[in-house]
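Asks: Pasting in a structure now, in structure tokens, and then I'll have a few things to ask.
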Ligand SMILES: Nc1ncnc2c1ncn2[C@@H]1O[C@H](COP(=O)(O)OP(=O)(O)OP(=O)(O)O)[C@@H](O)[C@H]1O
Ligand code: SF4
Ligand SMILES: [Mg+2]
């Protein structure tokens, strides 16, 4: 097991180094000078002498050779100093502290919802295969995986906020500040964020459950006189979760992507939106830092999933 | 400062439009009359039962698709930052759109003396910053110097020295005269020097850091809360120098990048006012749903041929003329603006003082375009490229132009650049063939200088053809001492630019501000960048 | 005294190709502490019959009729998920399956897979369950049981897994163990060991055993009585020695001719039964063995498949040759 974790860690580290290289050089190779976009945005260029531009270049360390810039960046990142945003005029760490908790808060709830709801729904559909729950669930999950988060958001807003007035249209309030309002505000975004996850998890769960149920060891469990509940939960669930867990990793990545749209639609000041605006303005400091942090998160999640695999499947654990 | 603010609007618009989803393809009914009179808010209000008059109280809840970053450190403030600063900060002068002239704000009057090369501002008395410190000539000087040091004051290099004459009189000694200077200097926001210095405790970096997130101005409202890209709140300044104002208790603005959500917020009653709406379709829909609309001036869209290269074909006047003849600007404006945009035939728009009534040097005429092409030796047509950025309005416009030019044998390749490449071309490195640009529109016709330059080096338009005659007129104009003379020269310059086919003006976009029926706001009415928020009020609702 | 009586059991599968009459009216009797062999070619319905007894038939299969009388109750009156049926399964009638590699749950420890039964049926606590499991593991000869209790199935060899299956089957001291080809997947030595073990265990626990196999050699050694199945029916039943010494159904005769016997000294030429077993969909009403039968008479193609005729004491055969209890068939004919 230790060896297994060790291997995973080394892999993760290598991936991380590769990611820093890609992220760093990709941003620099994009056409256009971020400083020019920044200045253009505030139309300072016509007042701006070449010396002043150079000054700014120096301020952001852009005057040094690119390899030196890369090393500086990595060294900074190791000290948890991710640089200063050109556009926000703010320490990227501060920006992240503002944004990440919000995205993670929503993301974790959505993750929890999509995994538990997905697994339960898929389980129900599989166990009652062909009966009415399955007949309702299967088409719904199909819609769930195909509907774009953006449209779902707009439909939800229209129905539940604009027409019925049950929930607020948009916005985000810290749960520590006003828990009720905060919860009311996140219901629609969470539905939106988790729709794909619920649907895809349910579909995967259903099919992998249907694969597990006819297995010999399930027949053995029946022959042992166990109850259906014990058979499903203890004997079948753990086995059928193995492919579902992979999907949760995918779901996490889809969710990061989805947060970009959902945060835009629901006016939530999260990291997804920060990403979009920074890409637009080629604020490479922010984009680099965000990509790095997200990459680390994804790697961590993958690591957790790998460990979870090991827990689920002793064959992995012991080989 | 002023120039920056307005010139930069175009970029804001780009950003904004870039995040809007495409509008549906259906063609809504085109209103019969799109001229300005019809857009005037007076008309609209007269249709409603006259309200009893301004009422005190209430929190105006606004939404907007752009958001500020820097609260009060002027050298880093973008045009967006400036519009958000208006409730808490004021300038020495401002522009009255109705009167079409510059009017006092923190300076109750001013004097321009071309002979002695001085500009003197006489300041309002009894004005205090929100921290209680007095607003006086010293404070103004401090603000100017902060900007000068950072190189962020428009025409700052004209300044020789700044003299504090007395508590309420400030005199700027300049090295040379132009009639733009007093306004460029007057269009500068004033913040409390004491608050700035105190926040840093002697550490300038700390002060700047503070000024990015905080502000202490003189405005009718105080900045009380700012959450980046989320929420901003202003509360009534009870000691405001305009007696009995403002009416509102507070204003809060939430960041709402998605227009569908913004619309839903208004319809659900979660917001009272939607500031700066660019999508005409949404505006019309809300108008039908009973919302009030203030139309603002928007941007000037033009096609700019480059003469950067010595042997560029666009040096040939006949080719530039052919371009202008070949594009049906009425149809184009109608198609892109769904009836809300004004087609343009000269550098000036119809409500500018510099507008030359009826001047339309090259109305749509395919035959003339073809004849000019043939005359210039391109009977078999030519190939060219339009560089535009990746936003819907620019893309659609470029595609439409591609169609028009195809009809006269000009093969157009539309080059859609990402923002980085587009801005690098537009602002720094220049472009080779045709560039599609949106520029802000200044109320006093000084746009001519901002965008098209009184010198060939002026930013972004260094590549367009500027005749000696045009430059001469513009140089003369900025030296004019009398307003009438100034306007007359501007008109001549507009005509000269037209004769030269310097650029091909296409249309003027519009921006709107949409509000619930009970809201009385002058936002955008005055000017895209001006909000006399102290006059805003709300009916009981 | 009969422990289990199966009467006229019918189990059909509704498939796309048609109705498969996998088991079409079989009757078995299993007495206390008796070892009963069930033999027949692959696909003749052995497993389906006994899964039906356990009410473990999954859709599209369905038990269409018959009775399963166990301890005076007809198990078919209970639904599959009923507590009554669950109380029988595993506790009173247990089953050992053919595939040791896949019949154990890969994600649960082998010990737990036994203990959970003890806790469930016998309401033991964790400790008692573990103790009994370890005791049984020792009994079936799993070395180092204490340490292997927490192993997962993939850490066990095939033979060891089947031993665990035996532990599981015996754990609740069942009245009847159904072993469905328990050794087929194993090598010959292990097979012999396991059968011996199974035999000892049922003796030890005084249980009855149903030994399902298509290998007559296996049953010859242990079974007291034998049922020979063909195409979803019993074609011959009788005491083991009768079946081996005096087989009366042409199919049994054929089967014996192609089976090497463990107790045979000199080599005998093995003769395979020619032809293929019938398709169970749309079977003709006549004797199912007809196309492959060396003894068939003209009548055989006209008369329906006959019932079981007595051919000796406690010995029956489903063949027209015995309609009038006349001529016995000699295997060497
Ligand atoms: N799930 C099913 N669907 C359709 N037909 C089935 C199903 N299960 C069994 N059958 C049919 O029932 C018949 C009897 O199958 P069964 O498993 O009882 O044979 P068997 O005698 O145990 O053979 P083997 O020695 O191969 O185990 C087979 O011919 C098969 O076609
Ligand atoms: S009934 Fe006829 S065909 Fe069938 S087994 Fe007996 S002899 Fe053969
Ligand atoms: Mg079988």
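The values are calculated or read from the model by the stated rules, or taken from the named source; none is laboratory data. All values reported here derive from a predicted model rather than from experimental measurement. Please note: Cβ atoms are built from the backbone with ideal geometry, for glycine as well, and neighbour counts cover all protein chains shown.
Asks: Taking the condition touching a residue at least 40 places away in the same chain (Cβ under 8 Å) and on the phi > 0 side of the Ramachandran plot, does residue C:66 pass?
Replies: Criteria met by residue C:66.
Asks: Moving to a separate point now. Condition first: within 14 Å of chain A (Cβ to nearest Cβ), near ligand 1 (Cβ under 7 Å from one of its atoms) and either assigned to a strand (DSSP E or B) or over 25 Å from residue C:200 (Cα atoms) (or both). Now tell me which residues in region C:40-58 satisfy that.
Replies: Within region C:40-58, C:48, C:58 meet the criteria.
Asks: Just to be sure before I move on: is residue C:8 away from every other protein chain (no Cβ under 14 Å) and within 16 Å of ligand 2 (Cβ to nearest atom) in the structure I sent?
Replies: For residue C:8, the condition - away from every other protein chain (no Cβ under 14 Å) and within 16 Å of ligand 2 (Cβ to nearest atom) - is not met.
Asks: What's the number of the only condition in (1) over 19 Å from residue B:190 (Cα atoms); (2) surrounded by 18 or more Cβ atoms within 10 Å (Cβ to Cβ); (3) within 14 Å of chain A (Cβ to nearest Cβ) that residue B:251 fails to meet?
Replies: Of everything listed in (1) over 19 Å from residue B:190 (Cα atoms); (2) surrounded by 18 or more Cβ atoms within 10 Å (Cβ to Cβ); (3) within 14 Å of chain A (Cβ to nearest Cβ), residue B:251 misses just condition (3).
Asks: Across region C:86-104, which residue is surrounded by the most Cβ atoms within 10 Å (Cβ to Cβ) among those that are more than 8 Å from chain A (Cβ to nearest Cβ) and within 18 Å of residue C:49 (Cα to Cα)?
Replies: So, considering only residues that are more than 8 Å from chain A (Cβ to nearest Cβ) and within 18 Å of residue C:49 (Cα to Cα), the one surrounded by the most Cβ atoms within 10 Å (Cβ to Cβ) is C:93.
Asks: Does region C:135-146 contain any residue that is within 14 Å of another protein chain (Cβ to nearest Cβ) and surrounded by fewer than 18 Cβ atoms within 10 Å (Cβ to Cβ)?
Replies: The answer is no; no qualifying residue exists.
Asks: Determine whether region A:287-294 contains at least one residue that is surrounded by fewer than 24 Cβ atoms within 10 Å (Cβ to Cβ), closer than 26 Å to residue A:188 by Cα and within 14 Å of another protein chain (Cβ to nearest Cβ).
Replies: No, region A:287-294 contains no residue that is surrounded by fewer than 24 Cβ atoms within 10 Å (Cβ to Cβ), closer than 26 Å to residue A:188 by Cα and within 14 Å of another protein chain (Cβ to nearest Cβ).
Asks: Here is a check on your reading of the model: is residue C:231 farther than 21 Å from residue C:87 by Cβ, within 16 Å of ligand 1 (Cβ to nearest atom) and within 14 Å of another protein chain (Cβ to nearest Cβ)?
Replies: When the stated conditions are applied, residue C:231 does not pass them.
Asks: Given the structure, is residue C:276 within 24 Å of residue C:26 (Cα to Cα), within 15 Å of ligand 1 (Cβ to nearest atom) and either within 14 Å of another protein chain (Cβ to nearest Cβ) or without any contact (Cβ under 8 Å) to a residue 40 or more places away in the chain (or both)?
Replies: Here the answer is yes, as residue C:276 does meet what is asked.
Asks: Tell me, yes or no, whether region A:77-85 has at least one residue that is outside any helix (DSSP H, G or I), exposed (fewer than 14 other Cβ atoms within 10 Å of the Cβ) and free of Cβ contacts under 8 Å to residues at least 40 places away in the same chain.
Replies: yes
Asks: Considering each residue of region A:84-94, count those that are farther than 16 Å from residue A:295 by Cβ and touching a helix residue (DSSP H, G or I) at 6+ places or on another chain (Cβ under 7 Å), and give that number.
Replies: Looking only at that region, the number is 6.
Asks: Using the structure shown, decide if residue A:268 is buried (at least 18 other Cβ atoms within 10 Å of the Cβ), within 11 Å of chain B (Cβ to nearest Cβ) and in a loop (DSSP other than H, G, I, E, B).
Replies: yes
Asks: Same structure again: Just one of C:65, C:37, C:72 is more than 12 Å from chain A (Cβ to nearest Cβ), away from ligand 2 (no atom under 16 Å from the Cβ) and touching a helix residue (DSSP H, G or I) at 6+ places or on another chain (Cβ under 7 Å); which is it?
Replies: C:37
Asks: Next question, about the same structure. Report yes if residue B:365 is surrounded by fewer than 20 Cβ atoms within 10 Å (Cβ to Cβ) and under 30 Å from residue B:478 (Cα atoms), otherwise no.
Replies: It is false that residue B:365 is surrounded by fewer than 20 Cβ atoms within 10 Å (Cβ to Cβ) and under 30 Å from residue B:478 (Cα atoms).
Asks: Kindly indicate whether residue A:165 is outside any helix (DSSP H, G or I) and surrounded by fewer than 21 Cβ atoms within 10 Å (Cβ to Cβ).
Replies: Answer is yes for this residue.
Asks: For region B:397-430, give me each residue that is more than 13 Å from every other protein chain (Cβ to nearest Cβ) and closer than 29 Å to residue A:28 by Cβ.
Replies: The answer is B:398, B:413, B:414.
The rows are residues; the columns are (1) within 16 Å of ligand 3 (Cβ to nearest atom); (2) modelled with pLDDT of 85 or more; (3) under 30 Å from residue C:117 (Cβ atoms).
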| position | (1), (2), (3) |
| --- | --- |
| C:178 | yes, yes, yes |
| C:187 | no, no, yes |
| C:192 | no, no, yes |
| C:198 | no, yes, yes |
| C:213 | yes, yes, yes |
| C:220 | no, no, no |
| C:224 | no, yes, yes |
| C:242 | no, yes, no |
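Asks: Report the residue count in region C:27-59 for those that are surrounded by 20 or more Cβ atoms within 10 Å (Cβ to Cβ), within 16 Å of ligand 3 (Cβ to nearest atom) and closer than 20 Å to residue C:71 by Cβ.
Replies: Of the residues in that region, 8 qualify.
Asks: A further question follows. When region C:176-202 is examined, which residues are found to be more than 16 Å from ligand 1 (Cβ to nearest atom), free of Cβ contacts under 8 Å to residues at least 40 places away in the same chain and over 15 Å from the mean Cα position of the chain (by Cα)?
Replies: Selection gives C:187, C:188, C:189, C:190, C:192, C:193, C:194, C:196, C:200.
Asks: Condition (residue is facing chain C (nearest Cβ under 10 Å) and over 15 Å from the mean Cα position of the chain (by Cα)) applied to region A:241-259: is it met by at least one residue?
Replies: Yes; the residues of region A:241-259 include at least one that is facing chain C (nearest Cβ under 10 Å) and over 15 Å from the mean Cα position of the chain (by Cα).
Asks: Something else now. Please tell me if residue C:204 is more than 16 Å from ligand 3 (Cβ to nearest atom), out of contact with any strand residue (DSSP E or B) (no Cβ under 6 Å at 6 or more places or on another chain), more than 21 Å from residue C:129 (Cα to Cα) and assigned by TED's automatic domain parsing to the domain that holds residue C:114.
Replies: So residue C:204 fails the test.
Asks: Being modelled with pLDDT of 90 or more, within 19 Å of the chain's Cα centre (by Cα) and in a loop (DSSP other than H, G, I, E, B) is the filter here, so list the residues in region B:488-541 that pass it.
Replies: Correct list: empty.
Asks: Turning to a different aspect of this structure: Can you report the number of residues in region B:254-280 which are on the phi > 0 side of the Ramachandran plot and assigned to a loop (DSSP other than H, G, I, E, B)?
Replies: Total meeting the criteria: 1.
Asks: Something else: Looking for something within 27 Å of residue A:145 (Cβ to Cβ), touching a strand residue (DSSP E or B) at 6+ places or on another chain (Cβ under 9 Å) and in a loop (DSSP other than H, G, I, E, B) - is there at least one such residue anywhere in region A:197-215?
Replies: No: zero hits.
Asks: Also: Considering each of A:153, A:165 in turn, give the residue that is free of Cβ contacts under 8 Å to residues at least 12 places away in the same chain and within 13 Å of another protein chain (Cβ to nearest Cβ).
Replies: Criteria check complete, one pass: A:165.
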